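The values are calculated or read from the model by the stated rules, or taken from the named source; none is laboratory data. None of the values given here were measured: they were computed from a predicted structure. A quick note on method: Cβ atoms are made from the backbone with ideal geometry, for glycine too, and the neighbour counts reach across all protein chains shown. Accessible surface is based on the protein model in full, side chains and every heavy atom, while ligands, DNA and RNA are left aside. Shrake-Rupley method; radii C 1.70, N 1.55, O 1.52, S 1.80 Å.
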Amino acid sequence: MIHPKTELRFINDEIGYGVVATDFIPAGTITWVLDKLDREFTPLEVDGMDQLYKDIMEVYSYRNRAGNYILCWDNGRFVNHSFNSNCFTTAYDFEIALRDIYPGEQLTDDYGYLNISEPFRAAPEGTKRKVVYPDDLVRYGKVWDKKLLGPFKRIPKVDQPLRTLISREKWDMIHHISAGKMEMESLLTLYYPQNGRQMVG
């Protein structure tokens with residue numbers, strides 16, 4: 001489920017639609033949570049689909065650490081890619097704001113952690129990275145962990161409209177990580193090696 005203070009808007013002809021903040025969203029806010037309405041499909045189920053549905057899955061789903069396809073039921077599926085994304089995934093089935101997000105600003109993800117099936121050249125943003133690759137989690141996972149930890153520790157300190165979707169056990173774990181009593185699980189654990197090779201440590 002996407003953060004309630006967002007809406008779907010047309011961005012431009014090249015990007016199409018995107019998810020835009022309708023109010024201030026501070027760093028550390030949970031911006032998306034995997035919920036009970038999101039659908040999970042095995043690779044076998046996707047292989048058995050008509051091409052029309054395969055194409056939809058390719059565009060709007062991501063693959064989890066088990067290699068299953070996750071299709072979001074709400075506007076979460078319209079969050080666009082950015083190499084300078086303001087939102088980032090965690091290893092706990094939710095995403096957070098890496099920095100403050102202001103009204104009218106688009107919420108963006110780095111598709112490098114979504115276990116995409118094929119590389120693609122993204123819109124230029126003046127960054128060193130130009131292409132998103134299926135194994136970007138292996139390439140940048142440790143760097144992303146460091147980038148994520150600060151905002152992650154802010155989770156208990158800011159208002160969380162999606163708090164009810166986080167289990168008590170997971171919420172306690174968030175508090176332990178925030179207090180430095182527990183290590184945050186690495187994003188590297190999300191990697192699914194689609195070519196059958198094991199992740200390189």
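Could you grab me the full set of residues in region 45-88 that are of a type in the set (S, T, N, Q) and free of Cβ contacts under 8 Å to residues at least 60 places away in the same chain? Listed by number, the residues that qualify are Gln51, Ser61, Asn68, Ser82, Asn84, Ser85, Asn86.
Within region 132-169, the residues that satisfy the criterion of being farther than 24 Å from Gly112 by Cβ and either of a type outside the set (A, V, I, L, M) or out of contact with any strand residue (DSSP E or B) (no Cβ under 7 Å at 6 or more places or on another chain) (or both) are Pro156, Lys157, Val158, Asp159, Gln160, Pro161, Arg163, Thr164, Ser167, Arg168, Glu169. Being open to solvent by less than 60 Å² (accessible area, probe 1.4 Å) and within 15 Å of Val33 (Cα to Cα) is the requirement here; does Ile116 meet it? No; evaluated as a whole, the condition is false for this residue. Pick from region 37-55 the residues that are surrounded by fewer than 17 Cβ atoms within 10 Å (Cβ to Cβ) and in contact with a Leu (Cβ under 9 Å, 6 or more places away or on another chain): which of them is nearest to Gln106 (Cα to Cα)? This residue is Arg39.
For region 3-39, the set of residues classified as within 19 Å of Ser167 (Cβ to Cβ) and either touching a residue at least 60 places away in the same chain (Cβ under 8 Å) or of a type in the set (Ser, Thr, Tyr) (or both) consists of His3, Gly28, Thr29, Ile30, Thr31, Trp32, Val33, Leu34, Asp35, listed by residue number. Taking (1) part of a loop (DSSP other than H, G, I, E, B); (2) more than 21 Å from Asp109 (Cα to Cα) in turn, Thr164 satisfies each apart from (1).
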